[in-house]
1. So if I check each of 14, 58, 100, which one is among the basic types (Lys, Arg), more than 18 Å from residue 180 (Cβ to Cβ) and more than 16 Å from the ligand (Cβ to nearest atom)?
2. For segment 17-53, how many residues are among the β-branched types (Val, Ile, Thr), within 16 Å of the ligand (Cβ to nearest atom) and open to solvent by 30 Å² or more (accessible area, probe 1.4 Å)?
3. Within segment 54-64, does at least one residue satisfy the condition of being among the basic types (Lys, Arg) and buried (at least 18 other Cβ atoms within 10 Å of the Cβ)?
4. In segment 96-110, which residues are farther than 21 Å from residue 225 by Cα and part of a strand (DSSP E or B)?
5. Quick check: anything in segment 236-256 open to solvent by 70 Å² or more (accessible area, probe 1.4 Å), in contact with an Asp or Glu (Cβ under 7 Å, 6 or more places away or on another chain) and modelled with pLDDT of 95 or more?
6. Please go through segment 76-97 and pick out each residue that is open to solvent by 40 Å² or more (accessible area, probe 1.4 Å), touching a Lys or Arg at 6+ places or on another chain (Cβ under 8 Å) and within 11 Å of the ligand (Cβ to nearest atom).
7. With respect to residue 73, is the statement that it is open to solvent by less than 60 Å² (accessible area, probe 1.4 Å) and free of Cβ contacts under 8 Å to residues at least 40 places away in the same chain true?
Amino acid sequence: MRTELVSEPGDRTRPNEDFASVALPASGQGGALVVLDGVTPPAGGTGCLHSVPWFTARLGGALTELTVSLPDVPLTEALSLALSRTSESHAHTCDLSHPRTPQATVVVARWSARTLEYLVLSDSALLLESGDGTVTAVLDDRLSRLPRSSLASAALVDSTLRNKEDGFFTAAADPSVARRAVTGSLPRSSVRALTALTDGATRWVEKFHEGDWTDCFAFVRKEGAGALVARVRELEAADAEGRVFLGRSKTHDDATVVYAEL
Ligand SMILES: [Zn+2]
C-alpha cells in the first residue's frame with residue numbers, strides 16, 4: 001500500500017475549503033479515502049454561522065470515521081449518516097433550509113480484501129486503474145449536462161439549480177441526497193490503483209486539455225500529486241486573464257489529489 005495526498009488552497013490568503021483523508025485500518029487489508037470540495041457561497045447570507053471549512057471538516061471527519069467503522073454499511077448510507085450527524089451539530093444555531101447552506105462535492109472509495117466500493121457526488125473525479133493499466137473515470141456528470149455547462153462548476157453555479165430535480169446535487173443538509181450519488185462496487189483484484197481529484201486539479205484534463213484521464217493518472221503516478229497541482233498553477237498563471245479558457249471563473253481554485261496504490 002502506498003498513498004500520497006496533496007491539497008493546495010487556490011489563494012494562500014483564504015482557507016482551503018477542500019477536505020481529504022486516507023484511512024488505513026490497522027487490521028485486515030482494508031482502507032478508504034474521502035475527498036470533499038466545499039462550495040464557496042456567493043456574497044450574501046448562507047443561514048449558517050459557520051465557515052465552509054468548518055462544514056467540510058465536520059462532514060469529512062464523520063464520513064471518514066463511519067466509512068471505516070461500519071465496513072458493512074453501504075457508502076450511500078454512510079454519507080447519509082455523516083450528513084445527519086453534521087446537520088445535527090448546527091441545526092440549533094443555523095437555518096439549514098437556506099438554499100446556500102454549506103455544501104460540498106464528495107468522493108469516497110473503500111476497499112477490503114475482496115471488494116472496492118466507490119461513491120461520487122457532483123464534480124470531483126475518481127479514477128480507477130485496472131491491472132492492465134486501463135483507467136476508468138467515475139464522474140457524476142449531471143453538472144456538465146446543464147445548459148451553459150462550459151461556464152459551470154459546482155462551486156459557482158447559480159444556487160437555484162443546486163439540489164433540485166433537473167439541476168445537480170451536492171452534499172448539504174439533507175441526508176437523502178446520498179441516493180443521488182454515482183456508486184459502484186468492483187472486485188478488489190480488478191483495481192491496482194486509484195486517484196481522487198477535486199475540480200481545481202481536474203482542470204489539467206477538463207480546462208487545459210493537457211491529456212485525457214489516462215494521461216492524468218500516469219502523470220500523478222510518475223511525477224506525483226504535487227506536480228499535477230503545480231502544473232495546473234503554471235497553466236493558470238500563463239492564462240491569468242482567462243481569455244482562452246473562458247470557462248474558468250476563478251483564476252485558481254483549491255486543488256486536492258489523493259493517490260493510492262493498493
Ligand atoms: Zn452552521
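1. 14
2. Step one: list which residues in segment 17-53 are among the β-branched types (Val, Ile, Thr), which gives 22, 34-35, 39-40, 46, 52.
Next, only the ones that are within 16 Å of the ligand (Cβ to nearest atom) stay: 39-40, 46, 52.
Cutting the leftovers down to open to solvent by 30 Å² or more (accessible area, probe 1.4 Å) gives us 40.
So the count comes out to 1.
3. yes
4. Going residue by residue through segment 96-110, those that are farther than 21 Å from residue 225 by Cα are 96-104.
Result: 104, single match.
5. No, segment 236-256 has no match at all.
6. Matches in segment 76-97: 89 only.
7. Yes; evaluated as a whole, the condition is true for this residue.
The values are calculated or read from the model by the stated rules, or taken from the named source; none is laboratory data. Worth saying up front: this structure is predicted, and the values here are computed from it rather than measured. We place every Cβ from the backbone using ideal geometry, glycine too, and count neighbours over all the protein chains shown. Surface accessibility is based on the protein's heavy atoms, side chains included, excluding ligands, DNA and RNA. Shrake-Rupley method; radii C 1.70, N 1.55, O 1.52, S 1.80 Å.
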